[in-house]
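First the structure, in the form of structure tokens, and then the observations on it.
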Amino acid sequence: MSDHNTHAGMAALSICESLMLALNDAHILPEAEILGVLKDAAEVHENIKETDANFADHQAVAVLIRKIIAGGNSVRRGRLS
């Protein structure tokens, strides 16, 4: 993966995390709904067929999302709900 793609991915992840936190802070989405969104996203990548040319990438994305779910937000841990 090129540096540009890596940086774009990191920026997108950071922006999405900030949006989810803002949605929770504004009482638009509760933590349970946000976790549901993350779990749904992980499942999409986990269900990609092994024959897909980008199978390994999808598996890596699913693992990363699952780590985000397990780790929570390090800055606001315990403050969401």
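The values are calculated or read from the model by the stated rules, or taken from the named source; none is laboratory data. Just so we're clear, the structure is a prediction, and the values are computed from it rather than from any experiment. Ideal geometry is used to build each Cβ from the backbone, glycine not excepted, and the neighbour counts take in all protein chains shown. SASA here: full protein model, heavy atoms, side chains in, ligands and nucleic acids out. Shrake-Rupley method; radii C 1.70, N 1.55, O 1.52, S 1.80 Å.
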Top-ranked residue of segment 23-38 - restricted to ones that are part of a helix (DSSP H, G or I) and either acidic (Asp, Glu) or open to solvent by 80 Å² or more (accessible area, probe 1.4 Å) (or both), ranked as modelled with the lowest pLDDT: Glu31
Residue tally, condition of a type outside the set (Val, Ile, Thr) and buried (at least 16 other Cβ atoms within 10 Å of the Cβ), over segment 39-49: 3
Residues satisfying the stated conditions in segment 53-67, i.e. assigned to a helix (DSSP H, G or I) and not aromatic (Phe, Trp, Tyr): Ala56, Asp57, His58, Gln59, Ala60, Val61, Ala62, Val63, Leu64, Ile65, Arg66, Lys67
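Each row is one residue, and each column tells you yes or no for (1) modelled with pLDDT of 95 or more; (2) assigned to a loop (DSSP other than H, G, I, E, B).
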residue: Met10; (1), (2): no, no
residue: Glu17; (1), (2): no, no
residue: Leu21; (1), (2): no, no
residue: His45; (1), (2): yes, no
residue: Thr51; (1), (2): no, yes
residue: Ser74; (1), (2): no, yes
residue: Leu80; (1), (2): no, yes
